[in-house]
1. State all residues of the range 74-99 that are touching a helix residue (DSSP H, G or I) at 6+ places or on another chain (Cβ under 8 Å) and of a type in the set (S, T, N, Q); if no residue qualifies, say none.
2. Could you say whether any residue in the range 62-78 is under 13 Å from the mean Cα position of the chain (by Cα), of a type in the set (Gly, Ala, Ser) and under 21 Å from PRO41 (Cα atoms)?
3. Scan the range 1-33 for residues that are at pLDDT 95 or above, in a loop (DSSP other than H, G, I, E, B) and in contact with a helix residue (DSSP H, G or I) (Cβ under 9 Å, 6 or more places away or on another chain) and jot them down.
4. Failed condition for ARG38, given (1) of a type in the set (Lys, Arg); (2) exposed (fewer than 15 other Cβ atoms within 10 Å of the Cβ); (3) part of a strand (DSSP E or B), with all others met?
5. Specify the residue that is nearest to CYS95 (Cα to Cα); the eligible residues are those in the range 3-30 that are open to solvent by 50 Å² or more (accessible area, probe 1.4 Å) and among the small types (Gly, Ala, Ser).
6. Checking the conditions here, which among GLU88, GLU46 is within 11 Å of the chain's Cα centre (by Cα) and of a type in the set (Asp, Glu)?
7. Which condition number in (1) of a type in the set (S, T, N, Q); (2) without any contact (Cβ under 8 Å) to a residue 40 or more places away in the chain; (3) in contact with a Leu (Cβ under 6 Å, 6 or more places away or on another chain) is the one that GLN44 fails?
8. Could you list all residues from the range 62-72 that are among the charged types (D, E, K, R), touching a residue at least 12 places away in the same chain (Cβ under 8 Å) and not in a strand (DSSP E or B)?
Amino acid sequence: QVQLVESGGGLVQAGGSLRLSCAASGSTLSINPMAWFRQAPGKQRESVAVISSSGTIRYADSVKGRFTISRDNAKNTVYLQMNAMKPEDTAVYYCNRASGLFWAWGQGTQVTVSS
């Protein structure tokens, strides 16, 4: 059973930065396409950044140029560096496989951006 644990969220002012981490146990992240998702109150969960097993990266238009997804294979961890943050980035952030069957969702990490 794969377990995902997200961390690094918090309260930040607009324009600030946060770095999220996603640690996994039970599977090797490097062989899976991984993504960061977010879900704001009253909205559907959306993908914001994807990194393939070969390292190809894609971003949602809303975060392009501000967020950076990366992976440390030795630590079996995926990161999301968030810069120039905006109030509309406020959401619970999750990581999971980017395609195919999702693993069980972790608890997520709350990100709140104040204006």
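1. If we filter the range 74-99 for residues that are touching a helix residue (DSSP H, G or I) at 6+ places or on another chain (Cβ under 8 Å), which is where we start, we get 76-78, 82.
Across the range 74-99, the qualifying residues are ASN76, THR77.
2. no
3. If the condition is that a residue be at pLDDT 95 or above, in a loop (DSSP other than H, G, I, E, B) and in contact with a helix residue (DSSP H, G or I) (Cβ under 9 Å, 6 or more places away or on another chain), then ALA14 is the only one that fits.
4. Looking at each condition in turn, ARG38 falls short on (2).
5. In this case the residue turns out to be SER7.
6. Going through GLU88, GLU46 in turn, just one is within 11 Å of the chain's Cα centre (by Cα) and of a type in the set (Asp, Glu): GLU46.
7. (3)
8. Initial filter on the range 62-72 (among the charged types (D, E, K, R)): 64, 66, 71-72.
Now restrict to residues that are touching a residue at least 12 places away in the same chain (Cβ under 8 Å): 66, 71.
Hit for the range 62-72 is ARG66, nothing else.
The values are calculated or read from the model by the stated rules, or taken from the named source; none is laboratory data. Bear in mind the structure is a predicted one, so any value in this text is a computation, not a measurement. All Cβ positions, even for glycine, are placed from backbone atoms using ideal geometry, and neighbour counts span all protein chains on display. Heavy atoms of the whole protein, side chains included, go into the accessibility calculation; ligands, DNA and RNA do not. Shrake-Rupley method; radii C 1.70, N 1.55, O 1.52, S 1.80 Å.
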